[in-house]
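The values are calculated or read from the model by the stated rules, or taken from the named source; none is laboratory data. Being a predicted model, the structure only gives us computed values, none of them experimental. Here the Cβ positions follow ideal geometry from the backbone for every residue, glycine too, while neighbour counts run over all protein chains shown.
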Amino acid sequence: MSGFSLAVTLVAVLLLGYGMGVVVNYFADVLPQTRRLSPVRCLHCQNPYPLLQYILLRPCLECGTRRSLRARVVQGILPLLTLALWVWPPPGRVPISVAWGLLLFFSVVFVIDWEYRVVLYQVSGVGALLGAGIGAWLNGWQTTFLGGGLGFGIMLALYYLGELFVRWAAHRRGLETDEVALGFGDVTLSGVLGLMLGWPRIGIGLLFAILLGGIVSGLYLVGLLVSKRYQPFAALPYTPFLLVAAAILMYLA
Ligand SMILES: [Zn+2]
């Protein structure tokens, strides 16, 4: 590739990544609030946001409220991640367009989970369709549905075990509780990842995510104990660990 066409390609990839950042911000701004693809409104004054103002991260024209830090971080990081995938594409038969699509989807999952601690079922539904399609094409239908079913089933079992444990522990202390040890969004996300990775890779992925989550929460607990801010049953979000495990598996297996 000549120097000039390389430069043009780099700019095009970065622009694509910036566009993906805008799309991730759009989903994260409207979906948790309205649960559908509604027009963007200022989160402060509820006036409609002009498209160009929105894309360029400009403040609201009506009330001057600036966009969130998350919006700036997402539109700054997505171009770099898009470029990184182009430079180091996942091995195997995953085309770059599919890899970019997965980056977009999982960025939406990650950002909404980060801000609202939920994985929306609308997003999981789209993920299940994506996962089933990509999984069947890469690994065949059998591996795909086995992976989806077992990914969902294993995490569902852990979800109920966690609930039992929290109830039992609260009962011992004479408390009522509606806390959960594991979010249901993590269960549906495991199903989606299971479809995509197939069986047995989703089993390895779950094991890896749980170990990683255990290590990080252990360190976090030690930190709380050392700083004397310990409180039992601070729920640990597993979504980031599931996503990290899935990304590593895409490269290793
Ligand atoms: Zn406003």
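Might you let me know whether region 15-32 holds any residue that is outside the structural domain of G125 (by TED's automatic domain parsing) and farther than 26 Å from V119 by Cα? Checking region 15-32: at least one residue is outside the structural domain of G125 (by TED's automatic domain parsing) and farther than 26 Å from V119 by Cα. Considered as a group, the residues in region 58-80 that are under 16 Å from L16 (Cα atoms) and touching a helix residue (DSSP H, G or I) at 6+ places or on another chain (Cβ under 6 Å) include one that is farthest from the ligand (Cβ to nearest atom), and that residue is P79. Of all the listed residues (G135, G183, G162), the sole one being at pLDDT 90 or above and small (G, A, S) is G135. Per the conditions (1) in contact (Cβ under 8 Å) with a residue 60 or more places away in the chain; (2) surrounded by fewer than 18 Cβ atoms within 10 Å (Cβ to Cβ), the sole criterion not satisfied by T34 is (1). Being among the aromatic types (F, W, Y) and within 22 Å of V192 (Cβ to Cβ) is the requirement here; does F4 meet it? Here the answer is no, as F4 does not meet what is asked. The number of residues in region 125-164 being surrounded by fewer than 16 Cβ atoms within 10 Å (Cβ to Cβ) and under 11 Å from I202 (Cβ atoms) comes to 2. Would you check if P39 is surrounded by fewer than 16 Cβ atoms within 10 Å (Cβ to Cβ), in a loop (DSSP other than H, G, I, E, B), away from the ligand (no atom under 16 Å from the Cβ) and not hydrophobic (A, V, I, L, M, F, W, C)? When the stated conditions are applied, P39 does not pass them. A residue that is of a type in the set (A, V, I, L, M, F, W, C) and either closer than 16 Å to G194 by Cα or not assigned by TED's automatic domain parsing to the domain that holds L31 (or both) can be found somewhere in region 85-103. Residue-level check: of (1) within 16 Å of the chain's Cα centre (by Cα); (2) within 17 Å of L243 (Cβ to Cβ), G125 misses just (2).
Scanning region 42-57 for residues that are within 16 Å of the ligand (Cβ to nearest atom) and part of a helix (DSSP H, G or I) yields L51, L52, Q53, Y54. Among the residues of region 27-45, are any farther than 27 Å from S124 by Cβ, out of contact with any Ser or Thr (no Cβ under 9 Å at 6 or more places or on another chain) and of a type in the set (A, V, I, L, M, F, W, C)? Checked region 27-45: no residue is farther than 27 Å from S124 by Cβ, out of contact with any Ser or Thr (no Cβ under 9 Å at 6 or more places or on another chain) and of a type in the set (A, V, I, L, M, F, W, C).
Can you find a residue that is touching a residue at least 24 places away in the same chain (Cβ under 8 Å), closer than 21 Å to T239 by Cα and surrounded by fewer than 18 Cβ atoms within 10 Å (Cβ to Cβ) anywhere in region 165-179? Yes, some residue in region 165-179 is touching a residue at least 24 places away in the same chain (Cβ under 8 Å), closer than 21 Å to T239 by Cα and surrounded by fewer than 18 Cβ atoms within 10 Å (Cβ to Cβ).
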